[in-house]
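Let me begin by presenting the structure, written as structure tokens, before commenting on it.
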Amino acid sequence: GGSLTKLAYYSTVQHKVARVRSFDHSGKDIENEPLYEISVQEEITARLHFIKFENTYIETCLDFIKDHLVNTETKVIKATGGGAYKFKDLIEKKLGLKVDKEDVMTCLIKGCNFVLRNIPHEVFAYQKDSDTEFRFQTNHPNIFPYLLVNIGSGVSIVKVETEDKFEWIGGSSIGGGTFWGLGALLTKTKKFDELLQLASKGQHTNVDMLVKDVYGGAYQTLGLSGNLIASSFGKSTTADKEFSKEDMAKSLLHMISNDIGQLACLHAKLHNLDKIYFGGFFIRGHPVTMRTITYSINFFSKGEVQALFLRHEGYLGAIGAFLKGAEQDNPNQYSWGENYAGSSGLMSTSPDVSPMQRTRSGTFDMLEMDRLERPLVNLPLLKDPSTYIPDTVDLTDDAMARKYWLTCFEEALDGVAKRAAASQPDSADALERAEKFRQKYWNKLQTLRQQPFAYGTLTVRSLLDTREHCLNEFNFPDPYSKVKQKENGIALKCFQSVIESLDSLGWEERQFALVKGLLAGNVFDWGAKAVSDVLESEPQFGFEEAKSKLQERPWLEDSYSQWLERLKEGPPHKCALIFADNSGIDIILGVFPFVRELLSRGTEVILACNSGPALNDVTYSESLIVTERIAAMDPVIQSALREEKLLLVQTGSSSPCLDLSRLDKGLAVLGRERQRAPATNYSAALTCESLKLAVIKNPWLADRLGGKIFSVIFKYEVP
């Protein structure tokens, strides 16, 4: 580009993963053996890296490429943007490679499609006066069609209809270069950023003629307010005073932004499009230009069209050029996820990159994306994927909540680092790695205190995910593996007596006991401080103790009577999709008896568990071993498995929180074929009946929802 070089490259990362495997128990006394063995293995995964350098450091950037990224097979390097012409000879000479220039617009659009598809909180609207100016949008499952307005030196307006189909539908020679050029003539300031700095301090009304200057107030006949600009720079024709640089820069910024906004609106109307993404160096995360463009679009479209911006807009061209070069590996067939541990976030002069490194190499911004093992899609049972929001509390918006949760995560950090080190007692450097993890995650939390919008909407889930990413970076793939192994073993020993006591109850009593069991199981969550404190201090705290903690009915949210009525009066459900949560008592003594009851009613059951570890949540591979053990004790489960009336699947996720818009493709296909009913996500609207059950294990959240700790949520919803 004109001032920055963006580099995209692919690497393979070797990291540790926790694997579980059933023991071979032939002829052994298995009473005191652990349930399964845990091994930590090396796994190789793919990662995409995107880095920004300042052009003044192009030589350093090329040294980095030469030392780390060029191997003997590399013959060609893909490049795009103005710099691909400007630096072509230097790159070829220094790297001994041929520069293959790619079309700028094709690359931009390829990059844009890639981030829209893979980064859930990529798109934001800018709101000037709210606590956090950035309003993130939920990714619509169908990203097309959209309008891309690229404001570089001039303006290009492109209509994008599919992955490969786009057309240039208009543009203007009055763009970022015009602002820069005229600004330099008017203010004698040659630097773009300094010009914006001036504009942000200026008062355009000193230079511009407003409607009220012409008519003495609003122009009622046409419905124009008195504060609208009637003529940009209009006052300079009559006034014989000097205007300040700041005021002229501000007037110029408004003039050009309004012009572009009106043009973009007209094209959007003409082509019936309601999504307009803005990019180019004129925008590039500058609050002043985002504000003026947003105002202009809002004004000219009468609020019908929203100006949208992209968090990684500066990388689009580089991502596109990279994808062009990697076409034979078809990166688009995979899903990718942003790695919060290695990405610096929006508007950051990343604290992860030390000032030393910035002055040495000009690097100041990074994005890392990991290839996910399985393609992720929307759950077909979501009523409206475009409005679906998985999280209950938005911490970007809510300053009180943000402060509370960030403090919670800070206070829990030492405990998490201790547990991580303890999970690898045989490793010589575990303590040192745990300390590095602690430092890294602490720094992330401080960044998020200053810039809550750094990685999109800040939620409890994104804080947990960031923590998991940081743990993985320092090779702690599953700090709770030993806890889970022990808890699964203990719970299995109680399974038969729990089933016997359930079977001895009358039908109606049994339904209530099953629900109570589900809720009691939900208490065993090591992620909740109120619970982990109890579990650490009272090792004998078990299923019955958890039941006694539960709120008495009526519950905080209570539609149990409607559920009971449905079971009594209605036909058996065709199928139930259950998202399991914690290992041990939760899945074995809470979920499985409930599954068994549904199977006995003639309902097929799909049990979905996380693909990878997070906290003490049960993973898919652990669930296979647990189910096999239960089947050996229980004929109902055994025959359901044999006849495929009970299926175990993975969610495709390694997050402690469920996101129904990013689920394993295989699970989504099953959901479509067998019409099923899922559970979690407090306000998720679904097209089928659903049960959402939870025990509130956090005092702040309990208070926020108007209850006490261990209050019960039992939501039975019919579409």
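The values are calculated or read from the model by the stated rules, or taken from the named source; none is laboratory data. This is a predicted model, so every value here is computed, not measured. Ideal geometry is used to build each Cβ from the backbone, glycine not excepted, and the neighbour counts take in all protein chains shown. Each accessible area value is taken on the protein alone, full model and side chains, heavy atoms only, with ligands, DNA and RNA left out. Shrake-Rupley method; radii C 1.70, N 1.55, O 1.52, S 1.80 Å.
Evaluation of Val595 against the conditions (1) in contact with an Asp or Glu (Cβ under 9 Å, 6 or more places away or on another chain); (2) aliphatic (A, V, I, L, M); (3) over 30 Å from His469 (Cα atoms); (4) part of a helix (DSSP H, G or I) shows that the sole unmet condition is (1).
Looking across segment 93-108, the residues that are open to solvent by 50 Å² or more (accessible area, probe 1.4 Å) and within 12 Å of Ala79 (Cα to Cα) come down to Lys98, Lys101, Asp103, Val104.
Listed by position, the helices (runs of 4 or more DSSP H) contained in segment 73-126 that have at least 1 residues being farther than 20 Å from Thr5 by Cα and of a type outside the set (Phe, Trp, Tyr) are 104-118.
For segment 399-434, name all the residues that are over 19 Å from Arg461 (Cβ atoms) and either in the same structural domain as Asn616 (by the TED database) or surrounded by fewer than 14 Cβ atoms within 10 Å (Cβ to Cβ) (or both). Give the derivation first.
Of segment 399-434, the ones over 19 Å from Arg461 (Cβ atoms) are 414-415, 417-434.
If the condition is that a residue be over 19 Å from Arg461 (Cβ atoms) and either in the same structural domain as Asn616 (by the TED database) or surrounded by fewer than 14 Cβ atoms within 10 Å (Cβ to Cβ) (or both), then Asp414, Pro425, Asp426, Ala428, Asp429, Glu432 are the ones that fit.
State yes or no: is Ile319 at pLDDT 95 or above and of a type in the set (Val, Ile, Thr)? Answer is no for this residue.
Filtering segment 670-677 for residues that are out of contact with any Asp or Glu (no Cβ under 8 Å at 6 or more places or on another chain), of a type outside the set (D, E, K, R) and under 23 Å from Ile499 (Cα atoms) leaves an empty set. No other residue among Arg433, Arg438, Arg371 is within 20 Å of Gly612 (Cβ to Cβ), of a type in the set (Lys, Arg) and at pLDDT 95 or above apart from Arg433.
Mind checking which residues of segment 604-634 are acidic (Asp, Glu) and surrounded by fewer than 22 Cβ atoms within 10 Å (Cβ to Cβ)? Show your work before the answer.
Of all residues in segment 604-634, those acidic (Asp, Glu) come to 604, 617, 622, 628, 634.
Matches in segment 604-634: Glu604, Glu628, Asp634.
With the structure loaded, tell me whether Asp394 is within 21 Å of the chain's Cα centre (by Cα) and outside the structural domain of Leu660 (by the TED database) or whether it fails that test. Against the criterion (within 21 Å of the chain's Cα centre (by Cα) and outside the structural domain of Leu660 (by the TED database)), Asp394 qualifies. For Arg47, work out the one condition from (1) modelled with pLDDT under 90; (2) farther than 26 Å from Asn150 by Cβ it doesn't fulfil. For Arg47, the exception is condition (1). Can Leu116 be described as over 30 Å from Leu323 (Cβ atoms) and crowded, with 19+ Cβ neighbours inside 10 Å? No: the conditions fail for Leu116. For the residues Thr457, Thr447, the requirement of being at pLDDT below 95 and surrounded by 20 or more Cβ atoms within 10 Å (Cβ to Cβ) singles out Thr457.
Of all residues in segment 56-83, those that are on the phi > 0 side of the Ramachandran plot have Cβ atoms under 9 Å from Cβ atoms of residues that are surrounded by fewer than 18 Cβ atoms within 10 Å (Cβ to Cβ), 6 or more apart or on another chain, in Gly81/Gly2. Out of everything in segment 464-475 that is without any contact (Cβ under 8 Å) to a residue 60 or more places away in the chain and of a type outside the set (D, E, K, R), what residue ends up being most open to solvent (accessible area, probe 1.4 Å)? Once the filter is applied, the top-ranked residue is Phe474.
Scanning segment 366-415 for residues that are among the hydroxyl-bearing types (Ser, Thr, Tyr) and either part of a helix (DSSP H, G or I) or over 21 Å from Asn339 (Cβ atoms) (or both) turns up Ser386, Thr387, Tyr388, Thr392, Tyr404, Thr407. Cβ-Cβ contacts under 8 Å between residues 6 or more apart (or on different chains), taken from a first residue in segment 124-137 that is within 12 Å of Leu308 (Cβ to Cβ) and free of Cβ contacts under 8 Å to residues at least 12 places away in the same chain to a second residue that is among the aliphatic types (A, V, I, L, M) and surrounded by fewer than 18 Cβ atoms within 10 Å (Cβ to Cβ), are listed as Arg135/Ala125.
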